[in-house]
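The structure appears right after this line, and notes come after that.
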Amino acid sequence: MTDNNPNKVYYEAPPTRPAPVTQTGVIGWVRKNLLASWLDVFLTLIFTFIVVSAVVSFVVWTISNANWWAVSFNFRQFMMGGYEPALEWRLSVAVLFTVVAMGMAVAVWVQRIVRIAAGLIIFTLAFVWLVPALSTALIPIPPVYVAVGNAPIAVDNVNETARPRLAFVGRAGETITVQIAPISTDEQLAALTGFMDMPTNGMRVIAERRLQAAVTRAEIEAQLAAHAASPIRLLTEGQIARLETQLNRLIDIPPVTETLNFAQGGAVVEVLDADGNSIAPAVNLPTANERATFTLPADGWYILHTTGDDDTSINVLAVNGMQPLLQSSVLQPGGGFITNYTRMIDLFAIRGIRAVDDRAVPFFDYIRNQYWGERPFTTYLRLFLAPFLSQHALNLTYILLAGVAGYWALRAVQRWRGAAAGAQVATVALALTPAVIWIMATGLNVPDILNLTVVVGGVFAVLLARALGARFGRQPVMVAVVGAVAALAWGMPLAVFNPHYGFGLLALVNFFSPLLIFIFWVIGSDSYHASDQAEYNRQVGLYSVLTLTFLVVPYLLVQVFGVSPSASYPDWFLRQSDQRLWGGLLLTFILTIYGIVFSFPIGILLALGRRSNLPVIKYGCTLYIELVRGSPFITVLFLAQLFIPLINPEFASVPGTIRALVATIMFSAAYLAENVRGGLQSLPPGQTEAGKSLGLSGWQVIYYITLPQALRAVIPAILGSFVSLFKDTSLVAIVGLTDLTGFVNIMVVQPAFTGTRAEGLLFITLIYFFFSYVMSYVSRLLEASGSGSTRRI
Amino acid sequence: MSEENLLLQGHVPHVIGEPMIVCRKVNKWFGDFHALKDIDLEVREREVVVIIGPSGSGKSTLIRCINRLEEHQEGDIIVDGVELTNDVTNISAIRKETGMVFQQFNLFPHLTVLDNITLAQRHVRKRGKAESEKIAMDLLKRVGIPEQAKKYPGQLSGGQQQRVAIARALAMNPKIMLFDEPTSALDPEMIKEVLDVMKELARSGMTMIVVTHEMGFAREVADRVIFMESGRIVETGTPDNFFDNPQHDRTKLFLSQIL
Ligand SMILES: Nc1ncnc2c1ncn2[C@@H]1O[C@H](COP(=O)(O)OP(=O)(O)OP(=O)(O)O)[C@@H](O)[C@H]1O
Ligand SMILES: [Mg+2]
């Protein structure tokens, strides 16, 4: 019965039906989002094609072509450059402290990412522990291939002899298994993949060429035959001529395995120790079915001694347990170089002279015995990823656990002392981080401690100036008093370090101290009231004593008791690190972190200065900001390199690292100033007016009302400019520093790693991306948590 | 007769005291634009003065000159015996005694309601944390929103925000309160709650200058109404005289448009 009633009435609710399959689920999603119109279909296909082809070729390259040893072998350099190995523990302390502080920050401010963070940590730990464990257990290390035989290996243009003695580095308990590779045809020879010595690779290449030539010949002959057999002309005369020349050019390569009598005879194998004594009786391997196994008694050098059992045949041995070695020179702490021999797969290294048979024995050298042929995914796992991960799994675990520990420590504080105390602890920890990193990285030697003492004296001088302002107001005579304080804070460090006035934190603080002292005096005098003097009396007294103590004690130590302000006492617990050696991520981080830390206050002062009513300050700041913003970072970098020694001849000894840091700070401060100024300008004028109408002074309005709001409003912009600062530091490579980018340039001139620029760049790209992403993520968290502009009325 | 009944009967003049604000021949220019012309005005202690006038007539400019948010170029302004000059000490002394409430509330959005009210107490009046918070809570009770203390301004309605702004100004114990169209940015149902607070304030004896278009309020609370027109005071009088018997043509026109 058909129901065509146009005014149908339902007396019962019609049954619910599922939506049509074509509209929901995967099909629906695809139809709606990917294939909604012909244009969409077209775009989807094009983009899928582009993405897939890019990703596929990339992944294929990563797995089967890239030489990741460039990264794993140079990992330390990527991380810290040539930082003194003896001081490396201090960097670990700095890293762990930072991570603990970050864990604390998560507990206080971004509790809601805890689940994601925990998931990521568990996943990472599982990945870095399980992947190496599983691949080591399941995938055998592919053998290395070594030619053996007493006859010369001469075929086509290859003219070699098998090396009867080959040195390698073994570890106690490892076994070396040797077998004749089952190769009797050229096809098998050409299909060989793995590490192989030069004779073997030579034979493999010839076999490959021969097979290739055969294929080409067959193709050409087929074309010519088809032409001859065809009733119509398939080819022009020219084409035929060209094909025939090509055919004639194909050299007749003799079959390799036949020529060299492959698999005709056997081999005798023996393993000798470094002194040339046999560690076990020699084993005769007549065919590919037998294998010889040797267990190594100790860590050290061994020699694989192989000979053919007749004088005509050649074989390729598959040797399991032998790894290629990379020879490298390492600077000794005491001076001079020492040679390192590093196994490529597990990076086990032996130092010093190769103690084998008066060095006459060649060793299984990574540079001459490369991995040839296709590299399957399992090999990639076993040779690259698994060793890399297992080398860093433990450190990574410590780092992640430090974060977890920081988190739980702070939760404990919160439970024990309340949320406010927790926030305080986390704030202090975060605020201390830059100081801890700096002290740990550079060391804290006598000169630094003297430096620090006078810096602290300067800080107390600033506090004293503020207290003086609050206690005595802006009386004219106070200008003289504050001037004296400023002169003391400025002149005393010079006196202390005379004539070794160096460059560092001290010079920076010293430069700004008179300015700061006067600013804080003015700020203090804003709260001058005849009524509440008791508190300020106390402060004036306290800070006078502290200022004098911290400025005078170093003076006495140096000028009276003869402590040298420049000698670095080498046995000191935190002895100084040579900043010239810094490189890699360490340098990148130092430039970024201290670029941020120092440019932040300078940027704020510049922004306020640019809004000042005093023309000199206003135009001075404007000029600075516009000059710096108008020049590329690279120019500022070069200028800092060249100009810093001109400021003061003493500064000629300032390492390039610090010069680059100064440039970074100068550069970043100008951009930050503009960000902050933008934030200040975005505030409605009513905010300042409301503050003023309540009787707050100009400085108080800035400090309590406009600056906090402006900074919150521009947090995303500020973090954004910090992300670009982080990436821009890569330009220091051009002025000769070996930060992450600079190191890639150095890496590719190592003989073992020529042509690995792509690997290096890809690796540092991942590092840059990781930290940039974390920074942007933090910025987004801050925005979402309402510290940004969301609290606006 | 109780105070309530007095109020119900209409206007109750305040007990007027000594001169609190004195303006003598005050002139103000914005560049070439003459914004205030020969303003002569005296406001006495406990007096409530309402200023009305068309847009752009200089009402805001006048009261902003009184606490130096704008600088006048000629004439004298004397507040509570202190003359407004360029001396920072005088300016801050005057601002300390003068509370101001703005049309746009101008609360500090990054601080809680409580911190909005305690900030200046602590850094200008130098009160301790506990003391200033107690004063803040008392004032919040007085304006009827003690339960909002921990919220941020963005979480309050306009009327509530304006009452916080009044509490913030009162926390400094000012002798004078200046109101610049405190209800113009509010929805009608919120206007009443703010006006109630202002009425209570007037009753408590605060010296007030109020710029407003709320004629009911002016009639009920003001001791004197001032009409301004293109930078000068055109007419002044008691509310009854002013509204029922305006002298100046411009005043009549304005009142006919607005009432
Ligand atoms: N900062 C300034 N710069 C230049 N001109 C200004 C400035 N502030 C106000 N004016 C001008 O001064 C005149 C008086 O402005 P004022 O804000 O005092 O008017 P008003 O009476 O408060 O008006 P409204 O009722 O619209 O608030 C107006 O013509 C205005 O354009
Ligand atoms: Mg106005």
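Listed here are the residues, each with its yes/no results for (1) of a type in the set (Gly, Ala, Ser); (2) modelled with pLDDT of 75 or more; (3) farther than 30 Å from B:THR89 by Cβ.
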| position | (1), (2), (3) |
| --- | --- |
| A:PHE503 | no, no, yes |
| A:PRO514 | no, yes, no |
| A:GLY524 | yes, yes, no |
| A:VAL540 | no, yes, no |
| A:TYR543 | no, yes, no |
| A:SER566 | yes, no, yes |
| A:GLY584 | yes, yes, yes |
(request) State whether the residues of segment B:70-81 include one that is within 16 Å of ligand 1 (Cβ to nearest atom) and open to solvent by less than 10 Å² (accessible area, probe 1.4 Å). (result) yes
(request) Scan segment B:36-69 residue by residue and report those that are buried (at least 17 other Cβ atoms within 10 Å of the Cβ), within 16 Å of ligand 2 (Cβ to nearest atom) and assigned to a loop (DSSP other than H, G, I, E, B). (result) B:GLY53, B:SER57, B:GLY58, B:ASN67, B:LEU69
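Are there any strands (runs of 3 or more DSSP E) wholly within segment A:154-245 with 3 or more residues that are in contact with a helix residue (DSSP H, G or I) (Cβ under 9 Å, 6 or more places away or on another chain), and if so which? Even if it seems obvious, please write down each step before you answer.
Working: elements: A:158-160, A:165-170, A:175-180.
Output list reads A:158-160.
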(request) Tell me, yes or no, whether segment A:273-285 has at least one residue that is in contact with a Lys or Arg (Cβ under 9 Å, 6 or more places away or on another chain) and either charged (D, E, K, R) or without any contact (Cβ under 8 Å) to a residue 12 or more places away in the chain (or both). (result) no
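Check A:LEU606, A:LEU585, A:LEU574 and return the single one that is open to solvent by less than 40 Å² (accessible area, probe 1.4 Å), touching a residue at least 24 places away in the same chain (Cβ under 8 Å) and not in a helix (DSSP H, G or I). Full working, then the answer.
Details: A:LEU606 fails: not in a helix (DSSP H, G or I); A:LEU585 fails: not in a helix (DSSP H, G or I).
None of the other options fit; the residue is A:LEU574.
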(message) Restricting to segment B:57-71, name every residue that is on the phi > 0 side of the Ramachandran plot and within 11 Å of chain A (Cβ to nearest Cβ).
(response) B:ARG68
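So if I check each of B:VAL225, B:VAL234, which one is closer than 18 Å to B:ILE21 by Cα, within 16 Å of ligand 1 (Cβ to nearest atom) and touching a residue at least 12 places away in the same chain (Cβ under 8 Å)?
Details: B:VAL234 fails: closer than 18 Å to B:ILE21 by Cα.
Going through B:VAL225, B:VAL234 in turn, the sole match is B:VAL225.
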(request) Could you name every one of the helices (runs of 4 or more DSSP H) located completely within segment B:126-212 that has at least 3 residues being within 16 Å of ligand 2 (Cβ to nearest atom)? (result) none
(request) Look through segment B:91-113, keep the residues that are assigned to a helix (DSSP H, G or I) and either on the phi > 0 side of the Ramachandran plot or open to solvent by less than 10 Å² (accessible area, probe 1.4 Å) (or both), and return whichever of them is nearest to the other protein chains (Cβ to nearest Cβ). (result) B:ILE94
(request) Examine segment B:136-155 for a residue that is open to solvent by less than 10 Å² (accessible area, probe 1.4 Å) and within 11 Å of chain A (Cβ to nearest Cβ), and state whether such a residue exists. (result) yes
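Which members of segment A:709-728 meet the condition of being touching a Phe, Trp or Tyr at 6+ places or on another chain (Cβ under 9 Å) and within 14 Å of chain B (Cβ to nearest Cβ)? Please lay out each step first, then the result.
First, pick out the residues of segment A:709-728 that are touching a Phe, Trp or Tyr at 6+ places or on another chain (Cβ under 9 Å): A:709, A:718, A:721, A:723-728.
Scanning segment A:709-728 gives a single hit, A:GLN709.
Please tell me if A:GLU674 is outside any loop (DSSP other than H, G, I, E, B), facing chain B (nearest Cβ under 10 Å) and among the charged types (D, E, K, R). Steps first, answer last, please.
On the way: outside any loop (DSSP other than H, G, I, E, B): yes; facing chain B (nearest Cβ under 10 Å): no; among the charged types (D, E, K, R): yes.
Against the criterion (outside any loop (DSSP other than H, G, I, E, B), facing chain B (nearest Cβ under 10 Å) and among the charged types (D, E, K, R)), A:GLU674 does not qualify.
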(request) Taking only segment B:156-186 into account, find how many residues are open to solvent by 10 Å² or more (accessible area, probe 1.4 Å) and among the aliphatic types (A, V, I, L, M). (result) 4
(message) Suppose we filter A:VAL158, A:VAL146 for residues that are surrounded by 21 or more Cβ atoms within 10 Å (Cβ to Cβ) and hydrophobic (A, V, I, L, M, F, W, C); which single one remains?
(response) A:VAL146
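The values are calculated or read from the model by the stated rules, or taken from the named source; none is laboratory data. Computed from a predicted structure; not experimentally measured. Backbone-built Cβ (ideal geometry, glycine too); neighbour counts: all protein chains shown. To get the accessible areas, we keep the full protein, side chains included, count just its heavy atoms, and leave off ligands, DNA and RNA. Shrake-Rupley method; radii C 1.70, N 1.55, O 1.52, S 1.80 Å.
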